[in-house]
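Reviewing the structure listed below.
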Amino acid sequence: MRRSRKKYETPRRPWDKARIDEEKKLMRLYGLRRKREIWRAEAIVRKYRRIARALIAKKDKKTERMLLDKLFKLGILEAQSIDDVLGMTVENVLERRLQTVVWRRGLANTPKQARQLIVHGHITINGKKVTWPSYIVPKDEEDKIELLLPKEKLGLKASAQKEAS
């Protein structure tokens, strides 16, 4: 069996305090388990920025439109021009993860609870169980996310229940 390729790069300066503090903030805010998840999001941002720079150099309008449409469809960026892609941040990608979307929609009280619900198989998208917290949720699937457990069993806060309705 073939071994899968790494989808991230480790930082060049491993003990850079500013970077470490920024990563800790992101981990706390988005309920991430390890820094590898941030590095993977950074790799996604790097990939799209690289493509955007190449398209700016080529001046290929058709391919630029395809890239903008793809980013819009994924919900990562609502870009009007290719220059907006260059301004994309890691937070744009982290906001589209299933874990964050479940938490923001009020199906969980915290990002960590959202992660637990996903991993334990209590979240479905379009009727299919998705057990990856890092799944990037496209815009059209966002409203098809459902919780399999009754909300009373989870002990969701009253405000979260109102938002979900």
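Annotations for the structure displayed:
- Residues within the range 64-84 that are of a type in the set (A, V, I, L, M) and under 16 Å from the mean Cα position of the chain (by Cα), tallied: 4
- Tally of residues being exposed (fewer than 14 other Cβ atoms within 10 Å of the Cβ) and either more than 20 Å from Glu42 (Cβ to Cβ) or of a type in the set (Ser, Thr, Tyr) (or both) across the range 92-140: 10
- Yes/no for Leu55 being assigned to a loop (DSSP other than H, G, I, E, B), crowded, with 17+ Cβ neighbours inside 10 Å, of a type in the set (A, V, I, L, M) and outside the structural domain of Ile145 (by TED's automatic domain parsing): no
- Meets criteria (assigned to a loop (DSSP other than H, G, I, E, B) and either under 27 Å from Glu23 (Cβ atoms) or in the same structural domain as Glu22 (by TED's automatic domain parsing) (or both)) for Leu107: yes
- Total residues in the range 83-103 satisfying the condition of being in contact with a Lys or Arg (Cβ under 9 Å, 6 or more places away or on another chain) and β-branched (Val, Ile, Thr): the figure is 3.
- Some residue of the range 36-46 being among the aliphatic types (A, V, I, L, M), surrounded by fewer than 15 Cβ atoms within 10 Å (Cβ to Cβ) and either under 28 Å from Lys128 (Cα atoms) or in contact (Cβ under 8 Å) with a residue 60 or more places away in the chain (or both): no
- Search result, residues across the range 70-91 that are within 17 Å of Gly31 (Cβ to Cβ) and out of contact with any helix residue (DSSP H, G or I) (no Cβ under 7 Å at 6 or more places or on another chain): Glu91
The values are calculated or read from the model by the stated rules, or taken from the named source; none is laboratory data. Please read these numbers as outputs of a predicted model, since none were measured by experiment. Here the Cβ is made from the backbone with ideal geometry for all residues, glycine too, and neighbour counts use every protein chain on show.
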